[in-house]
Ligand SMILES: *Cc1c(COP(=O)(O)O)cnc(C)c1O
């Protein structure tokens, strides 16, 4: 298997529109230069996120027709439970309508004020849910994972020396659990090795600390393990997944990623006592334990999607497509975070625009230019998203990135070639990228609603 074209063909199409440039400029002004405020119908290629944006298969759509909408014990739940138990081996499977609810249920049930949860890198909803319990979310990523040019195979690994030191420093009693995000979303979609998972698990368990995976992109992580970790070269993806989950006590999962579904998620644990506590909470905030905030048909679509996402040809194609976009950008001498991760390409804006003043938001300015020049939507992960401090001051983060997240099974290589050509256009005429200033902002999570203007 080397280059593999899309291992699917088109059966239903959705029309997308390339608005003329004048209209795009008008939309930008109406949206106060914030792409979150542009209606999706006015975007030609939407690389805002890979979450919940997957194209479902004919098999999943057929599954929707098989929804059993009984309040209690619908058949789709049993299939959902069996499927997840078969992949993960976990005892208790608790449905939730998306990943952050699974996190909320886990942390409200397992954490006390002042506790610590360590991870390679906590995703922002995970961090927020831990902090909501007045506990601390601590990131202990390997140093290679922080260097955008390091070619290390497993830049998502957790630093075991730092873990050991941290346990010594605060004491195991203050750390009810460790986590690992696979692949590491906030760290560029970089994978974690099975060797690292195993050693981390041994270390935590030696101290009586449990281990949970943030498993949103576990299938993509398993594919990288198969490619890069010699011991698993001949294993199936499913066996690698089973092996990975074996060393852990449970997981949280957003089925909007490797569940290939538009909504859904779950929490799984081997701890019966904890499961009972979580189930009580589930009934309070999500619903009865056999639907957990989802319709029967959605449970069916998620279960079928989870099975499809373990298909090695699909994963090969998926990772290859992301890598191809990275190669197209690099051919045009656009600097990206190396090596490409599983779900997105990140452009390194500090190298791309070395002379653009950081306080005039170069990453955000690139996303505006990509829309104006090509009707393409991307996201800034830089000063606007991360710079605002609780006291209202702004600290410019070390990295300024623009993320091009690739929805699963949605766009063809031709779409991505088009995206790369627009990037090339703004690279060749950097005057198209205009400095910005903020007109209005919210005190937290400002990127969703911020209003800006271009500085003439
Ligand atoms: C998306 C995501 C979540 C949260 O899932 P939602 O379904 O969006 O609530 C948690 N962790 C990671 C790593 C994610 O990518």
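Mind counting the residues in the range 202-215 that are part of a loop (DSSP other than H, G, I, E, B) and either within 14 Å of residue 245 (Cβ to Cβ) or free of Cβ contacts under 8 Å to residues at least 40 places away in the same chain (or both)?
2
Of 189, 178, which residue is closer than 19 Å to residue 316 by Cα and either touching a strand residue (DSSP E or B) at 6+ places or on another chain (Cβ under 7 Å) or not assigned by TED's automatic domain parsing to the domain that holds residue 382 (or both)? Spell out how you get there, then give the answer.
Values: 178 fails: closer than 19 Å to residue 316 by Cα.
Unique residue meeting the criteria: 189.
Considering the range 139-158 alone, what residues qualify as being out of contact with any helix residue (DSSP H, G or I) (no Cβ under 7 Å at 6 or more places or on another chain) and modelled with pLDDT of 95 or more?
Applying the first criterion (out of contact with any helix residue (DSSP H, G or I) (no Cβ under 7 Å at 6 or more places or on another chain)) to the range 139-158 yields 139, 142-144, 146-149, 151.
Within the range 139-158, 139, 142, 143, 144, 151 qualify.
Which condition does residue 145 not pass, out of (1) under 25 Å from residue 265 (Cα atoms); (2) assigned to a helix (DSSP H, G or I); (3) within 16 Å of the ligand (Cβ to nearest atom), if it passes all the others?
Status for residue 145: all satisfied but (1).
Conditions: (1) in contact with a helix residue (DSSP H, G or I) (Cβ under 9 Å, 6 or more places away or on another chain); (2) farther than 21 Å from residue 68 by Cα; (3) part of a helix (DSSP H, G or I); (4) touching a residue at least 24 places away in the same chain (Cβ under 8 Å). Residue 320 meets all but one. Number of the miss?
Answer for residue 320: the failing condition is (1).
I'd like to verify a number: residues in the range 212-228 that are more than 16 Å from the ligand (Cβ to nearest atom) and touching a helix residue (DSSP H, G or I) at 6+ places or on another chain (Cβ under 6 Å), how many?
Residues meeting the conditions: 3.
Evaluate the range 103-116: report whether one residue or more is under 19 Å from residue 174 (Cβ atoms), surrounded by 24 or more Cβ atoms within 10 Å (Cβ to Cβ), in contact (Cβ under 8 Å) with a residue 40 or more places away in the chain and more than 13 Å from the ligand (Cβ to nearest atom).
No - not one qualifying residue is present in the range 103-116.
Would you mention how many residues in the range 27-50 are part of a loop (DSSP other than H, G, I, E, B) and buried (at least 19 other Cβ atoms within 10 Å of the Cβ)? Write out each step before concluding.
Narrowing the range 27-50 to residues part of a loop (DSSP other than H, G, I, E, B): 31-34, 38-39, 43-44, 47-50.
Of the ones still in play, those that are also buried (at least 19 other Cβ atoms within 10 Å of the Cβ) are 33-34, 38, 43, 47-48, 50.
Number satisfying all stated conditions: 7.
Just for the range 243-286: of the residues that are assigned to a loop (DSSP other than H, G, I, E, B) and more than 16 Å from the ligand (Cβ to nearest atom), which one is nearest to residue 193 (Cα to Cα)?
So the first thing to find is which residues in the range 243-286 are assigned to a loop (DSSP other than H, G, I, E, B), and the list is 247-249, 255-264, 270-271, 286.
Then keep just the ones that are more than 16 Å from the ligand (Cβ to nearest atom); that gives 247, 249, 270-271.
Values: 247: 12, 249: 18, 270: 22, 271: 25 Å.
Among those residues, the one meeting the criterion is 247.
The values are calculated or read from the model by the stated rules, or taken from the named source; none is laboratory data. As the structure is a computational prediction, the values presented were derived from the model and not from experiment. Neighbour counts are summed over all protein chains in view; Cβ atoms, including those assigned to glycine, are modelled from backbone coordinates with ideal geometry.
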